[in-house]
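See structure below.
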Amino acid sequence: MIQVIDYKAGNLTSVVKALNYLGAQTHVTQSPDDVRNAEKIVLPGVGHFRATQLLHDLQLTEATREAIARGVPFLGICVRLQWLYEGSTEADATDGLCHYGGRCERFPTTFEDAELKSPHVGWNSLENIRPDSLLLRGVSPGEYVYYTHSWRAPVDADTAATTFYGGGFTAAVERANVMGVQFHPEKSGDTGLKILRNFVEL
Amino acid sequence: MLTKRVIACLDVRGGRVVKGIQFVDIIDAGDPAELAHRHAAAGADEIVLLDITATHEGRGTLIDTVKRTAAQLFIPLTVGGGIRSAEDAAAVFNAGADKVSINSSAITRPELIGEIGQSFGAQAVIVAIDARRDANSSDPGGDAEVYVSGGRKPTGRKVVDWAKEAEQRGAGEILLTSMDADGTRAGFDDELTALVSQAVQIPVIASGGAGNAQHFADVFGRGKADAALAASIFHFGVTDSWSLKRELQLAGVPVRL
């Protein structure tokens, strides 16, 4: 059973639909106990980093931290990948989970003397895929995934794949059981389903 | 590399996909859910479902059609038509839409753009603009006017000004439809698309006039569009997205293949 956290910001229908399509059993929850005792956790994301505050208010941050500490596989999607870091310039006053180091920043308005559109919307390719990534097993560099976001996480040793738009950013992050993807696997066709299946089968 | 998007549009009326020419002369093109899946399998990068008569007839969006269409569709789905409030948007998101497109209601009450963005993120709000050139003007593109209610009502607003305001109010993308080009299959309005695309920092989706791969290459090049949308050339089997994108790739346009 995968506990899918509903924090009333954005839409989780698509994520649940994709997980169920892959044969996973899901339970949509706001309960810290469900999260604390979860076998697996997915935290879907769409929306503002500020919505993170609701996770704190519902005591889901602490529950997630406890679950992660005992090795429960966790997948954060889009702004919820960003939540794994220390914070974001989108909402300076709101702390992230601080599982990964660094802060998320907005795309620059120009890059290499050209204007850069933002949000970064559309299908972009995964590159520099870390061979030991469990989440990206079977995914080849150059496969396309769907993005829609204006903020991005920095690249470091925990980055499992990068995507290039105004420079490289973290497309996927993975250290042991804690994973995040900046793109929307539930909206990324066969490649996205492959990645979700990898998580379901962990 | 970020690719240019090819978007298949389903204009829905009474639960059926329909297609008109310059917004009139409407004919039946099939079932929305079935067509959406066919387009996804044929390589479309996104699906847009527009309930074209919702505003006109004062109906809400066809939630059941959205649900059926969204079921097992694993590429982005945008829904527009009859969304007048953040609650209307929430219902559409809950039915499985990833983005909403608002048109008349954003002109009537521009705050709606920010209200939906507040809950669902700016990236989830597309402001759709139906544009008609002013044939009597010395600057027909720059003076192009925004129309609402399915192209029935002129607003007196200039397209470029409204696109800028929509961006400033938090729109995630602009869907620009040229009413002059719509349904003609004679090519997109590259000039107007470029004007809008250069005026805003958010992505612009060009719509209206798609007839062949060259039209797409032109609007991605000259028209500076980030995405381009078409309906009839896909519905009636003139082409499919994979064939179209293979031609675009040969023309040097980055596409997802």
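The values are calculated or read from the model by the stated rules, or taken from the named source; none is laboratory data. These numbers come from a predicted model, not from an experiment. Please note: Cβ atoms are built from the backbone with ideal geometry, for glycine as well, and neighbour counts cover all protein chains shown. Surface areas here come from the heavy atoms of the whole protein model, side chains and all, with no ligands, DNA or RNA. Shrake-Rupley method; radii C 1.70, N 1.55, O 1.52, S 1.80 Å.
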> When only residues in the range A:112-144 that are outside any loop (DSSP other than H, G, I, E, B) and among the acidic types (Asp, Glu) count, which is modelled with the lowest pLDDT?
Replying inline: A:GLU115
>> Any residue at all in the range B:52-73 that's in a strand (DSSP E or B) and either more than 10 Å from chain A (Cβ to nearest Cβ) or modelled with pLDDT of 90 or more (or both)?
In response: no
> What residue, of B:GLY170, B:GLY187, B:GLY237, is modelled with pLDDT under 95, surrounded by fewer than 23 Cβ atoms within 10 Å (Cβ to Cβ), touching a helix residue (DSSP H, G or I) at 6+ places or on another chain (Cβ under 8 Å) and not basic (Lys, Arg)?
Replying inline: B:GLY170
> Of the residues that sit in the range A:145-193 and are more than 16 Å from the chain's Cα centre (by Cα) and outside any helix (DSSP H, G or I), which one is surrounded by the fewest Cβ atoms within 10 Å (Cβ to Cβ)?
Replying inline: A:ALA157
> Got a number for residues in the range A:150-183 being at pLDDT 95 or above, within 9 Å of chain B (Cβ to nearest Cβ) and closer than 18 Å to A:VAL79 by Cβ?
Replying inline: 2
> Of the residues that sit in the range A:20-48 and are buried (at least 24 other Cβ atoms within 10 Å of the Cβ) and within 14 Å of another protein chain (Cβ to nearest Cβ), which one is farthest from A:PRO185 (Cα to Cα)?
Replying inline: A:GLY47
> How many residues are assigned to a helix (DSSP H, G or I), aliphatic (A, V, I, L, M) and within 17 Å of the chain's Cα centre (by Cα) when one looks only at the range B:33-51?
Replying inline: 3
>> Restricting to the range A:104-128, name every residue that is of a type in the set (Val, Ile, Thr) and surrounded by fewer than 21 Cβ atoms within 10 Å (Cβ to Cβ).
In response: A:THR109, A:THR110
>> Filter the range B:164-223 down to the residues that are among the basic types (Lys, Arg) and farther than 21 Å from B:SER101 by Cα and list them by number.
In response: B:ARG185, B:ARG222
> Out of the residues in the range A:1-19 that are within 23 Å of A:ARG70 (Cβ to Cβ) and within 14 Å of chain B (Cβ to nearest Cβ), which is surrounded by the most Cβ atoms within 10 Å (Cβ to Cβ)?
Replying inline: A:LEU19
> From the list A:LEU58, A:LEU75, which one is modelled with pLDDT of 90 or more and touching a strand residue (DSSP E or B) at 6+ places or on another chain (Cβ under 6 Å)?
Replying inline: A:LEU75
>> Just to check your reading of the model, which residue among A:VAL15, A:VAL35, A:VAL42, A:VAL72 is closer than 21 Å to A:GLY96 by Cβ and either without any contact (Cβ under 8 Å) to a residue 24 or more places away in the chain or in contact with a Lys or Arg (Cβ under 8 Å, 6 or more places away or on another chain) (or both)?
In response: A:VAL72
> Hey, A:GLN59 hits all of (1) within 12 Å of another protein chain (Cβ to nearest Cβ); (2) at positive phi; (3) surrounded by fewer than 20 Cβ atoms within 10 Å (Cβ to Cβ); (4) not charged (D, E, K, R) but one; which does it fall short on?
Replying inline: (1)
> Is one or more of the residues making up the range A:75-86 in contact (Cβ under 8 Å) with a residue 24 or more places away in the chain, open to solvent by 20 Å² or more (accessible area, probe 1.4 Å) and more than 30 Å from B:THR69 (Cβ to Cβ)?
Replying inline: no
> Can you name the condition, by its number, that A:TYR147 falls short on among (1) over 26 Å from A:GLY189 (Cβ atoms); (2) within 14 Å of chain B (Cβ to nearest Cβ); (3) among the hydroxyl-bearing types (Ser, Thr, Tyr)?
Replying inline: (1)
